[in-house]
Amino acid sequence: DSGVTQTPKHLITATGQRVTLRCSPRSGDLSVYWYQQSLDQGLQFLIQYYNGEERAKGNILERFSAQQFPDLHSELNLSSLELGDSALYFCASSAGRIANTGELFFGEGSRLTVL
Amino acid sequence: LAKTTQPISMDSYEGQEVNITCSHNNIATNDYITWYQQFPSQGPRFIIQGYKTKVTNEVASLFIPADRKSSTLSLPRVSLSDTAVYYCLVGSNTGGFKTIFGAGTRLFVKA
């Protein structure tokens, strides 16, 4: 158990809809990262937050947005969903602002299926 | 941003030592090298991290030459349960930090 909690574990929805994925980082971790992993694909970095502020942005679509709340949990909002958005969405957390000197702890992921 | 290159896949047999090499020619001075393991439908799990020379823990060793342009993850005596994807990761703090995973190496351990 990494200590990172993601909900829901599974989500099935239709094209055009909007969903929210939630992540609770490990206790004390200030950084939260979101990744997308499509079938048999690598991990695509989407966005990072540190203590409530956006820290880095990767290949995140304009239809997607995220935020980190004062209690440090984070939400990833996906709107106007398309079939290609079907994927595993992982959240990770780390203690510091820069993860290159520390370990990322990943949650078990939220599997999104868009029909 | 340091880009990494790893073999797409490797096969091995139980009990053998497996070495997976990662190239990262543009590694920055402040970057560390980290390896993760991922099983299907699970989040990646940290294996080992190093900056230079050699690092060893209870599951693996990491060899980094002096120029730091590559690194080798060494898994001693693999078992079937080591079948997974292994990612080499080089952190970058250029223009805002991004943790970029490459395509990874799919290791298949046979009996």
Exposure of B:Tyr13 as accessible area (Å², to 10), given a probe of 1.4 Å and all protein chains: 120 Å²
Size of electric dipole in chain B: Cβ of Lys, Arg +1 and of Asp, Glu -1, about Cα centre, debye, nearest 20: 260 debye
Highest-MSF residue in chain B out of B:Ala28, B:Ala84, B:Ala66 [GNM, Cα springs under 10 Å]: B:Ala66
Rg and Dmax [Cα atoms of chain B; Å; Rg one decimal, Dmax integer]: 13.5, 46
Debye log10 I(q)/I(0) at q = 0.08 Å⁻¹ for the protein assembly as shown, Cα point scatterers: -0.29
Cα-Cα pairs of the stretch A:50-100 separated by more than 19 Å (percent): 33 percent
Average accessible area per residue (Å²) across the protein assembly as shown - probe 1.4 Å, nucleic acids and ligands excluded: 48 Å²
Total charge dipole magnitude, chain A, about the Cα centre, Cβ charges on Lys, Arg, Asp, Glu only, Debye to nearest 20: 100 debye
Approximate spin-label separation B:Thr72-A:Asp71, in nm, with each point projected 7 Å along Cα-to-Cβ: 4.9 nm
Listed residues A:Ala66, A:Ala95, A:Ala56, most fluctuating in chain A (Gaussian network, C-alpha, under 10 Å): A:Ala56
Interface residues, the stretch B:13-52 - accessible area loss of 10 Å² or more versus chain alone, probe 1.4 Å: B:Asn30, B:Tyr32, B:Tyr36, B:Gln38, B:Ser41, B:Gln42, B:Gly43, B:Pro44, B:Phe46, B:Gln49
Cα-Cα over 24 Å, subset of A:Lys57/B:Lys3; B:Lys52/B:Lys110; B:Lys3/B:Lys52: B:Lys52/B:Lys110
Whole-number Å³ per residue for the convex hull built on Cα positions in chain A: 94 Å³
Length-normalised contact order for chain B - Cα pairs under 8 Å, 6+ apart - percent: 36 percent
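Tell me the total accessible area that A and B bury against each other, 1.4 angstrom probe, in square angstrom rounded to 100.
Details: alone 6270 and 6410 Å², together 10880 Å².
Answer for the A-B pair: about 1800 Å² buried.
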Solvent-accessible area, 1.4 Å probe, carbon plus sulfur percent, for the protein assembly as shown: 48 percent
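With +1 on each Lys and Arg Cβ and -1 on each Asp and Glu Cβ, and nothing else charged, work out how big the dipole of the protein assembly as shown is about its Cα centre, in Debye to the nearest 20.
My answer is approximately 280 debye.
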Antiparallel bridge percentage (DSSP; both residues within chain A; nearest 5): 90 percent
For the stretch A:1-55: span of alpha carbons on each principal axis (Å, largest first): 35, 24, 20
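The values are calculated or read from the model by the stated rules, or taken from the named source; none is laboratory data. Everything numeric in this text was worked out from a predicted model, so none of it was measured. Virtual Cβ from ideal backbone geometry, glycine too; neighbours counted across all protein chains shown. In case anyone asks, the SASA skips ligands and DNA or RNA and just uses the protein heavy atoms, side chains included. Shrake-Rupley method; radii C 1.70, N 1.55, O 1.52, S 1.80 Å.
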